[in-house]
């Protein structure tokens, strides 16, 4: 596991590494409310040149950007609801899938299904600084 303590304007350090090392699979984002999960997804989208306005899919469950950039939020309904809607099949699509509020159960399920997983735990240190704990878990 790698750990980064970054100001928000230093996020390129982490986004560059992830884009270089993880171009296909699921990124599980963990952290408290307002810790910066959606901000992180926005930074990756910007770095990949996506012009769309990336927003939290809290109420819609899923947002699709371009052909290979997907964003999910399972906070309101939980993993069981996500699975019951057949959303696991979506994760088989080529590209990057960002899931806010994923947990160890989801991570283990994805790995057993042969899907590469990158888990990032974001901890707010101050209004402008976060600690990012990054763990690659390949299937």
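Can you pull out every residue in region 123-136 that is surrounded by fewer than 18 Cβ atoms within 10 Å (Cβ to Cβ) and not in a loop (DSSP other than H, G, I, E, B)?
Result: 123, 124, 125, 126, 129, 131, 133, 135, 136.
Can you tell me which residue within region 1-38, out of those that are within 14 Å of the chain's Cα centre (by Cα) and part of a strand (DSSP E or B), is farthest from residue 96 (Cα to Cα)?
Here the answer is 31.
Can you tell me how many residues in region 88-119 are surrounded by fewer than 20 Cβ atoms within 10 Å (Cβ to Cβ) and not in a loop (DSSP other than H, G, I, E, B)?
The total comes to 9.
Select from region 48-80 the residues that are under 20 Å from residue 117 (Cβ atoms) and either over 14 Å from the mean Cα position of the chain (by Cα) or touching a residue at least 60 places away in the same chain (Cβ under 8 Å) (or both) and list them in ascending order.
Matches in region 48-80: 48, 78, 79, 80.
Readers should treat all values here as calculations from the given coordinates under stated rules, not as data from a laboratory. Note that the coordinates shown come from a computational prediction; the quantities given were computed from them, not determined experimentally. Glycine gets a Cβ as well: all are built from the backbone with ideal geometry, and neighbour counts include every protein chain shown.
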